[in-house]
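Chemist: Have a look at the structure that comes next, please.
The numbers here are math on the coordinates, done by the rules we state, and not lab data. Please read these numbers as outputs of a predicted model, since none were measured by experiment. As a convention, Cβ positions derive from the backbone with ideal geometry for all residues, glycine included, and neighbour counts pool all protein chains shown.
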Amino acid sequence: MAAIRLRNAKVPFEIHHDEMDPDESFEEQEDLGESRPEGDEEDEQDSDFSDDSDGVVDPSVLEDMEKLEETFKGIKDRFRLINRIGEGTFSTVYKAEDLLYEHYDNDWDIEEKENKWTSPPLKKQRRIGMDALADMDEYAQQRRRPKYVAIKKIYVTSSPSRILNELDLLNDLRGFDSVCPLITAFRHTDQVVAVLPYFRHTDFREYFRKMTVDDMQIYFRSLFTALAAVHSKGIIHRDIKPTNFLYEPDKRRGVLVDFGLAEREDGPDMKPCLCGEGVTERRRRVTNSVAAQTGPIGGYPKNDSRPSRRANRAGTRGFRAPEVLFKCTDQSSKIDIWSAGVILLTILSRRFPFFNSADDVEAMIEIATIFGVKRMKQCALLHGTVFETNIPTIGDRGFLLEKIILWSTCRNDGGKGGSEIPLDAKEKLAVRFLERCFELDPNKRISAEEALEHEFLKKKEEVYGDDDEMHML
Ligand SMILES: Nc1ncnc2c1ncn2[C@@H]1O[C@H](COP(=O)(O)OP(=O)(O)O)[C@@H](O)[C@H]1O
Ligand SMILES: [Mg+2]
């Protein structure tokens, strides 16, 4: 077993039995391709285990955990594997108890930091005698609580470069409380496991239908704080969706996980795209293009000799931004903002998954149905390509997001024979914010930094209530 990055030990502590040979390289593995297979979102949702309890463990999971312990000989001395908590396209994640927590500096432990540094509410500070002792006892109890980690076993079919990329980016993102930090990682031949702090979270499907606009503000403030952090480092997450944002409604906080598809904005695969040019140059290129001169041709060539357009399409169906679908070669962090917008539309419309396309062409049709053919054509031209459709149900002008929300929540007629129940002021504000996330032109789309200043997300003033406790308005 070789440690890729050692934990920050308080005392010298050696558990690794074999050192990494500097000449030893990963066995070359076939890359599965960058996108999650179509239909993956549902599969992942179905096999997602947010169970916090040690409860009954499925025999097949027990077997898998034993196999993992066999592969990583020393792991049993450091972690007690408890149960499987998640299974995605690229990994299986287990909950485990960190048996050697006390031996390390655990600067990643946000909860411990909070327990240590947050002063008790003013009322409590004034309490004396038995009450104060009870508080101290509670604090001591918290300190003795077992500490949990999430052990992410990355499938051996993932390419070594992708695994290294995920660990490298996680390492770069250390120190942001809204991003799940990497504690350490191990490798044994082609098997890599990443050790992350365990974050209790609730399955999105359990709470999204009950969310009020105030709840949405808290959720999205947390998500956009994470996005602002990631984007400030020039990193695009590429797979923003509910299962990758571990949110706990009680705590009103979430953390961003899964950097398996993330990439740097200035990565080697980025090439200039027409969307990066000024309006005049774009117009000139579009006017001189073959498509503009020949006009739309019915059907498509059987033997297309044109070079195919290649661009990163990584992500999950239903969450891909239009520029990803149009294969823009200069994608930016704005693709994450679009995906966050899809989550907001899901919550406002109370429908999950909102977009349910089988492939990219269907995804374009779904987007065109909402935004209309006219804007979709403009969007395609922006990236030097064309959008044509003869589907009669796709209108030229599309629909207002407000209308879509009313329809999908059955509020357009208030039930049989009733009248429309319009959106209230807060809901309208949420829709205004959603429109900013759904700008088809990524250059005009709101950034995470700007989003935090938008009226919908901006923190309202903190005021002191009657009973000395701080309230957030
Ligand atoms: N740090 C963590 N704490 C708790 N659960 C986690 C953690 N990391 C991942 N999970 C669970 O495992 C699932 C899959 O993890 P993820 O990193 O998204 O892997 P994949 O690349 O396979 O999608 C997540 O959706 C979540 O339910
Ligand atoms: Mg995931």
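Chemist: Quick check: residue separation of residue 409 and residue 100 times 0.36 nm, minus the Cα distance between them. What number comes out in nm?
Modeler: 106.3 nm
Chemist: Moving to a separate point now. Give me the number: length gained by fully extending residue 215 to residue 191, i.e. 0.36 nm times residue separation minus the C-alpha to C-alpha distance, one decimal in nm.
Modeler: 4.6 nm
Chemist: Something else: Treating each Cα of the range 163-306 as an identical point scatterer and ignoring solvent, apply the Debye formula and state log10 I(q)/I(0) at q = 0.15, 0.18, 0.19 Å⁻¹.
Modeler: Log-scaled intensity ratios, in q order: -0.86, -1.02, -1.09.
Chemist: Once label points are set 7 Å from the Cα along Cα→Cβ at both residue 266 and residue 388, what is their separation, rounded to one decimal in nm?
Modeler: Using points 7 Å along Cα→Cβ, the separation is 4.0 nm.
Chemist: Estimate the FRET efficiency between residue 73 and residue 107 by the formula 1/(1 + (r/R0)^6), using the beta-carbon distance for r and 25 Å for R0, to the nearest 0.05.
Modeler: Efficiency computed from Cβ-Cβ geometry: 0.35.
Chemist: Please compute the modelled spin-label separation between residue 365 and residue 293, points set 7 Å along Cα→Cβ, answer in nm with one decimal.
Modeler: Spacing of the two 7 Å Cα→Cβ label points: 3.3 nm.
Chemist: What distance in nm separates the simple spin-label points at residue 454 and residue 300, each placed 7 Å from Cα in the Cβ direction?
Modeler: In this crude label model, residue 454 to residue 300 measures out at 3.3 nm.
Chemist: Quick query: amide H of residue 87 versus all other amide H atoms, modeled in the peptide plane; which residues come in under 5 Å with a sequence gap of 5 or more or a different chain?
Modeler: For residue 87, the qualifying residues are 49, 93.
Chemist: Right, here's the next one. Past the 26 Å Cα-Cα mark, which pairs from 210/458; 241/403; 76/251; 67/152; 428/458?
Modeler: 76/251
Chemist: Rounded, prolate or oblate, given the Cα gyration tensor of the range 417-460, with a/c below 1.5 counting as rounded?
Modeler: Judged from the Cα gyration tensor, the range 417-460 comes out oblate (a/c at least 1.5, b/c at or above a/b).
Chemist: For residue 358 and residue 248, compute 0.36 nm times the residue count separating them, minus their Cα-Cα distance, and round to one decimal in nm.
Modeler: So the extension gain works out to 36.6 nm.
Chemist: In whole Hz, with x marking every Gly and Pro, tabulate ³J(HN,Hα) for the range 207-221 from phi via Karplus 6.51 cos²θ - 1.76 cosθ + 1.60, θ = phi - 60°.
Modeler: In residue order, the calculated couplings are 10, 5, 6, 8, 5, 8, 4, 4, 4, 5, 4, 5, 4, 6, 5 Hz.
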